[in-house]
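Below is one structure; the comments refer to it alone.
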Amino acid sequence: MTGIGATDAATGMFLPVTFKVHRWFRGGSAESVTVGLPNPTGGVSLEVAPFGIGSRLMVSGEPRFGGPPLTDPVAWACGFTRWHDAVDAEVWQQSFN
């Protein structure tokens, strides 16, 4: 994670977070991407991996309002976006091939 923006003013639910991408499992090829991560202080009870600058996460999600995969993407919470580890990365790699 290389940057964290301001809270979504309309709902307070998402923070725009920029990642340096080490590996795409599906959906893109850019070296970096900005994704809306659920705001841990947004007042919604969600299981969200704690994060900060330098965090390395495996992110799964969808376009916020439909459309192509990287049009206003948001990360899924509840265990679908998680801290990176080699074992989970291998499982994801096998699942998405």
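Nothing in this text is a laboratory measurement; each read-out follows from the coordinates by a stated rule. Note that this is a predicted model, so its numbers are computed, not measured.
Remarks
- Taking V87, V59, V35 as the candidate residues, the one with maximal mean-square fluctuation in a Gaussian network model of the chain, Cα springs under 10 Å, is V87.
- GNM result for the chain, Cα springs below 10 Å: residue of A75, A86, A30 fluctuating most strongly: A86
- Compared with the dominant principal axis of the Cα atoms in the chain, helix 86-96 is inclined by about 80°.
- Computed lengthening from R64 to H22, 0.36 nm per intervening residue step minus Cα-Cα distance: 12.8 nm
- In Hz, Karplus ³J(HN,Hα) per residue of region 29-36 (6.51, -1.76, 1.60; θ = phi - 60°; x = Gly, Pro): 8, 5, 6, 8, 8, 10, 10, x
- Note on the chain: GNM, Cα springs under 10 Å; of T81, T18, T71, the largest mean-square fluctuation is that of T71.
- Pairs of Cα atoms nearer than 8 Å and 6+ residues apart set the relative contact order; for the chain it is 25 percent.
- Beyond 18 Å, the tail of the calculated P(r) for region 3-96 holds 43 percent of the Cα pairs.
- Phi to ³J(HN,Hα) by Karplus 6.51 cos²θ - 1.76 cosθ + 1.60 over region 51-62, Hz, x for Gly, Pro: 9, x, 3, x, 5, 10, 10, 9, 10, 10, x, 7
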